[in-house]
Amino acid sequence: MRPFHHVITAAAFLALTAAPAFAADCAQPGPAPVIPDGATATLDQMKTAHEAVQSYANSLQSVQDCYEAKIKLGQKNTKPEELQKMRDQGNAAVDQAKALGDAYSAQVKIYKTRTPVK
């Protein structure tokens, strides 16, 4: 029966050591990519910016997914104000991704007005 005791002890240890990780914030991506000015940017700069914006938006979605997972895991054992803080942080990541996408789209419109499509 001794090995079973070790399993319970190991499980308890993992539960205790996982608690600080649960409390930690989800990893935020680095600084947002710079969006070129559509009035002066080249096609290559706009394409490069598109890839960077898309990648950054995906990173922000991962942040929101992380917070959603933490909320689901901690609903029973986490204070409501902490759950709300996680919701707010996840929503802020989504809002940032939308704002970045909107800013890029605005510059694409400017780019297209000065560079007619052939």
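Just so it is clear, none of the values below were taken in a lab; they were calculated from the coordinates. None of these values were measured; they are calculated from a predicted model. Here Cβ is always computed from backbone atoms with ideal geometry, including for glycine, and neighbour counts include all displayed protein chains.
Below, the figures for the structure above:
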| item | result |
| --- | --- |
| Highest to lowest packing among 52-65, 98-111, 73-86, scored as the average C-beta count within 10 Å | 52-65, 98-111, 73-86 |
| Centre separation in Å (Cα based) which lies between segment 38-69 and segment 89-104 | 10 Å |
